[in-house]
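Single-structure report; data block below.
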Amino acid sequence: MGLTILEVRLNITRRSGKQECLELQKQEVPAGGKQEAAGGESWRAESETVRAEFYTERKEKLLTGGVRLNLKAEAFRENDGLCSRESVRIEVRFSDRPARMTAMYLHRDWWTRPAFIRSWEEMPERTQCIYLDYESAFGCIFLMAGEKFKTCARGGREGYLTLGMTAYRGGQMTLEEPVFVMALEGSALGAAEAACAGAAALAGCPKRSEKTYPEMFSWLGWCSWDAFYKEISEQRVCEKAQELREKDVPIRWLLMDDGWLSERENRLYDLKPEKDKFPDGFADMTARLKADGRILGVGVWHALGGYWGGIEPDSRAWQAQRDVLYKTVGGKILPCPDMGKGYVFYGRWYEQLRAQGIDFVKVDGQSAVKNYFDEDTAVCEAARELHRALEGAAGCYMGGNLINCMGMAMENILARPGSALSRGSDDFVPDNPKGFAEHLVQNIYNAPYHSFFYYCDWDMFWTDHADAGKHAALRAVSGGPVYCSDRCGETVPEVLRPLAYRDGRILRMERPALPAQDCLFEDPLAGGVVKVTNLGGCGMPDRKAGAVAVFNLSGQKQKFRVCSSDVYGLPAGSYRCYDWRSNTCHGDNAEFELEADGYGVYLLLPLCGDTAVVGLADKYMSMLALESVRQLGNGFLACVREPGSFVFCTDRKVRRLTVNGTDRLEEMQRQGDCCRINLEREDCGHSGAPQQTIVCAEYA
């Protein structure tokens, strides 16, 4: 079911515009042959000018497909090679059609978003991953980027999956490239995981689980972009840092976004900061920012090409880097798309920045590779070489502290040799009244395939904003960095406090957030809710807790259910559902209701005996603040990381409640099954290094 291919057609387009349509014939595989051993099949066609093969390999519930193509080459006469865009179109007819699909397509060169469709013909242009809902199984098709060519799906002939292969460089006479990986599983997220695992193995690309999350981004941060846009300066950065100190907001890193560079007409003319904005460079400023130990790191932004349009000819930047620059056929001067020379370009720059106190970089415009090197270097080659160069320099001079951004095209996703962090959506746009909904939809529907390879950065937000609460709840469950971008004087500390400990370390979930399966094939903007799920620790080493942040984007009141099965990977067991916003406790698979544009946060807590220990309920992910929880006789014992509002849920009468050995039962407040006691600062020592607080409850 699903994986059986009935028919394959190939259409080849040459540089001259000439097209050739081939109906490939399925080949009989000899018994015991290599193709049979691989569980695969082959379709072939040959004419006077071309020899073509589409082949598959099957392994259990995984199917991979690829193309081999040879055009007849003249020894010295003109050759009419492949064109640069969609030079090969493949039409595949499967035995079974999915009932529903969610197509993740590049709506811009660097970001994907979902289209909720019912047929292959509805497929948007530049689709690069497809989630499939069959009647008895779920599937995922992951479109590959190979050595030179990338493959995308689009609408085409009725009843056929239409795939186009593009190199953004014409003239090739041969190709042998992977095209797709398709998986079938019992769950939609399981199918996405299996397809991504197959693609990672095929491309030699590391999985997220093989990478290390950068420690710098385990802390709250602030970015200059929406605060100043390009009008950044030393004075403004220092003014913002002073505000954060005065408000006691534990921001631990600062990112100077676009505006600091020496650029004109979209090209970089000097590697040093713009002198009018940073008269003395960065060294004195970064030293002052870090002097009291509150700020752990300062970073800078730049584009993959240096700046958006590359390097200005004959400038100081050009003079410093001329031996490792490359002039494209389109006239742009860029870092050379060669790993060795590219490493020298970024390394020289980063060495200077590191000496000035810069600790990390955010690199934008990564999926502009196809635009930079159009008709010059095959897109997959250029992306692979530049990413290796960039990551080598970032690893050497920035300790690997790198945020990849504007890089969700498949040639970028599969080209990075080891960096762990990648942006998962278009920008947060504070002035767009519908911005939150689009921001959420992109991040969560991109996650089933993007998060297999990366920890996902869900961008900055404003704490002083109509949607600040929703943005904060979304970041709480995201499993990625948390940073704001408020203008001077406008940071609201209360919005950030539920996201981090008092020292600024965020309560970060175990992995990137994923949508609940029952949301994956329905447009949340048209009706219903979207459930953003994750899992994390709860103080019990052999158990996990789940979290479900729910957002009603439909414009009308909606009912929905929350259950432990919503959270992919959450172990089977007994759970209680804690409604964070109302401080109420419910059973698993509980029904709730949200007003139009409303949101909620629900924690699925495993039982310790017959108690659901919530933890510090003034934090969204309250159970992460539990150092340990264990059943103790007729009750439980919990070690808590810092002061706050400690909550546990039980239907039993509490006979004794102690904090660090002192009976505090009289201070306990009870609301239904939810019992609360405030842990004061003195319970946990001073506000320096965290100390355990021991809470012990005994039941009658």
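What the table below lists for this structure:
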read-out	value
Criterion: closer than 22 Å to Asp426 by Cβ, assigned to a helix (DSSP H, G or I) and modelled with pLDDT of 95 or more - qualifying residue of Ala466, Ala473	Ala473
Residue within the range 427-435 that is among the aromatic types (Phe, Trp, Tyr) and in contact with a Leu (Cβ under 7 Å, 6 or more places away or on another chain) present	no
Subset of the range 271-293 [in a strand (DSSP E or B) and of a type outside the set (Lys, Arg)]	Leu271, Pro273
Matching residues, the range 610-619, being farther than 12 Å from Arg543 by Cβ and assigned to a strand (DSSP E or B)	Thr611, Val614, Gly615, Leu616
Failed criterion for Thr491 (all others in (1) under 20 Å from the mean Cα position of the chain (by Cα); (2) hydroxyl-bearing (Ser, Thr, Tyr); (3) open to solvent by less than 20 Å² (accessible area, probe 1.4 Å) hold)	(1)
From the options Leu594, Leu603, Leu665, Leu624, residue that is closer than 28 Å to Lys531 by Cα, open to solvent by 30 Å² or more (accessible area, probe 1.4 Å), at pLDDT 95 or above and not charged (D, E, K, R)	Leu624
Filter result (closer than 20 Å to Ala409 by Cβ and open to solvent by 10 Å² or more (accessible area, probe 1.4 Å)) within the range 349-367	Asp364
Residues being outside any loop (DSSP other than H, G, I, E, B) and out of contact with any helix residue (DSSP H, G or I) (no Cβ under 7 Å at 6 or more places or on another chain) - total across the range 110-123	6
Those strands (runs of 3 or more DSSP E) lying entirely in the range 560-609 with at least 1 residues closer than 21 Å to Asp467 by Cα	575-579, 590-594, 599-606
Extreme residue, nearest to Gly139 (Cα to Cα), among residues of the range 521-535 that are open to solvent by less than 20 Å² (accessible area, probe 1.4 Å) and assigned to a loop (DSSP other than H, G, I, E, B)	Phe521
Failed item in (1) buried (at least 24 other Cβ atoms within 10 Å of the Cβ); (2) outside any helix (DSSP H, G or I), with Ile444 passing the rest	(2)
Qualifying residues in the range 473-515 (those that are small (Gly, Ala, Ser) and in contact with a Cys (Cβ under 9 Å, 6 or more places away or on another chain)) - the one farthest from Trp222 (Cα to Cα)	Ala513
Residues being assigned to a strand (DSSP E or B) and of a type outside the set (Asp, Glu) - total across the range 251-264	7
Contacts under 9 angstrom Cβ, first residue in the range 15-26 being farther than 18 Å from Ala167 by Cβ, partner acidic (Asp, Glu), 6 or more apart	Leu22/Glu46; Glu23/Glu7; Leu24/Glu7; Leu24/Glu53; Lys26/Glu7; Lys26/Glu41
Residues being in a loop (DSSP other than H, G, I, E, B), hydrophobic (A, V, I, L, M, F, W, C) and farther than 19 Å from Ser628 by Cα - total across the range 537-559	1
Residues satisfying the stated conditions in the range 643-662, i.e. outside any strand (DSSP E or B) and open to solvent by less than 30 Å² (accessible area, probe 1.4 Å)	Pro643, Thr650
Pair list, Cβ < 8 Å and 6+ apart or interchain, from the range 353-380 residues that are on the phi > 0 side of the Ramachandran plot to residues that are among the small types (Gly, Ala, Ser)	Gly357/Ala283; Gly357/Ala287; Gly365/Ala303; Gly365/Gly305; Glu375/Ser84; Glu375/Gly170; Glu375/Gly330
Near pairs, Cβ below 7 angstrom, 6+ apart or cross-chain, from the range 94-109 (farther than 13 Å from Val441 by Cβ and in a loop (DSSP other than H, G, I, E, B)) to any residue that is hydroxyl-bearing (Ser, Thr, Tyr) and open to solvent by 30 Å² or more (accessible area, probe 1.4 Å)	Ser95/Thr4
Flag for Ala145 being over 17 Å from Ala192 (Cβ atoms), in contact (Cβ under 8 Å) with a residue 40 or more places away in the chain and touching a Leu at 6+ places or on another chain (Cβ under 6 Å)	yes
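Yes or no, residue by residue, for (1) more than 21 Å from Ala227 (Cβ to Cβ); (2) open to solvent by 10 Å² or more (accessible area, probe 1.4 Å):
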site	(1), (2)
Asp280	yes, yes
Ala303	no, no
Gly310	yes, no
Pro313	yes, yes
Lys327	yes, yes
Lys341	yes, yes
Gly347	yes, no
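The values are calculated or read from the model by the stated rules, or taken from the named source; none is laboratory data. Since this is a predicted model, take the numbers as computed values, not measurements. When we count neighbours, we look across all protein chains shown, and the Cβ atoms used for this are built from the backbone with ideal geometry, even at glycine. The accessibility values were calculated without ligands, DNA or RNA, using every heavy atom of the protein model including side chains. Shrake-Rupley method; radii C 1.70, N 1.55, O 1.52, S 1.80 Å.
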